[in-house]
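The values are calculated or read from the model by the stated rules, or taken from the named source; none is laboratory data. It should be emphasised that the depicted structure is a prediction, and the values quoted were computed from it without experimental measurement. Every residue, glycine as well, gets a Cβ built from its backbone with ideal geometry; the counts of neighbours run over all protein chains shown.
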Amino acid sequence: MAKTRSKSKESHSHLALRVKSYSASTNASVYLPVATPTFVDENRSAYSFGTDLELIAFAHWPEERAEEEFWLTIYSLQLNDRRLRLALKDFHKVNEKGELQYRKYRGDDYPIYDLPRQIGFLQKNRHYGVWTGAAWVSPNVVSDMLALLLHREPLYIALHEIRVERRRAIFGMSLQTNDPAEE
């Protein structure tokens with residue numbers, strides 16, 4: 001008899017971080033296909049634009065994670081990135097025959113969605129003793145974050161972390177003026 005694998009254990013954590021420092025960069029260039037010509041995507045934009053934001057923050061809630069340091073990099077997606085155009089219907093789950101799947105709830109059929117699990121990655125850097133993370137968001141989110149960073153102190157990050165077995169990822173995050181530990 002073959003062993004059946006149990007479903008991976010998944011847990012969600014909400015962390016409150018206080019921003020200590022930040023740095024930002026923005027760029028604009030013409031896309032130069034320097035890779036092997038067979039790997040060039042002709043549908044790619046001829047221009048490349050981006051803004052990156054690096055945040056250093058310390059956790060202060062929950063207590064068991066207090067004083068953990070986080071180095072987070074927020075990348076803006078390219079304007080033509082497919083992820084910016086995805087709608088909920090694009091995640092409607094299909095079976096092996098390609099048919100849309102539904103579940104019954106109180107006599108009505110409702111779609112089953114296979115939603116993305118994360119917007120970024122999170123891992124422990126044992127060499128430096130910090131958590132490092134990267135998230136990819138729309139360009140206007142990065143711009144809004146930069147505007148907040150320039151006008152208000154202190155700033156906080158509400159970080160929604162998802163853990164599946166030993167791997168962690170960023171499920172969601174927000175930069176805000178209110179302390180998420182008090183919400």
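In the range 55-80, the residue that is surrounded by the most Cβ atoms within 10 Å (Cβ to Cβ) out of those that are more than 18 Å from residue 158 (Cβ to Cβ) and without any contact (Cβ under 8 Å) to a residue 40 or more places away in the chain is 78.
Number of residues in the range 132-152 that are part of a helix (DSSP H, G or I) and either touching a residue at least 60 places away in the same chain (Cβ under 8 Å) or small (Gly, Ala, Ser) (or both): the value is 8. Could you tell me whether residue 163 is in a loop (DSSP other than H, G, I, E, B), within 24 Å of residue 14 (Cβ to Cβ) and within 16 Å of the chain's Cα centre (by Cα)? Taking the combined requirement at face value, the residue does not satisfy it. Loosely packed, with under 13 Cβ neighbours inside 10 Å, outside any loop (DSSP other than H, G, I, E, B) and aromatic (Phe, Trp, Tyr), is that true of residue 110? Considered against the rule, which asks whether it is loosely packed, with under 13 Cβ neighbours inside 10 Å, outside any loop (DSSP other than H, G, I, E, B) and aromatic (Phe, Trp, Tyr), residue 110 comes out as yes. Applying the set (1) surrounded by 11 or more Cβ atoms within 10 Å (Cβ to Cβ); (2) out of contact with any helix residue (DSSP H, G or I) (no Cβ under 6 Å at 6 or more places or on another chain) to residue 126 leaves exactly one unmet item: (1).
Within the range 105-119, does at least one residue satisfy the condition of being modelled with pLDDT of 95 or more and within 25 Å of residue 182 (Cβ to Cβ)? Yes.
How many of the residues in the range 17-66 are at pLDDT 95 or above and either among the basic types (Lys, Arg) or not in a strand (DSSP E or B) (or both)? Going through the range 17-66 one residue at a time, the tally reaches 7. Scanning the range 85-107 for residues that are part of a strand (DSSP E or B) and surrounded by 10 or more Cβ atoms within 10 Å (Cβ to Cβ) yields 92, 94, 100, 102, 103.
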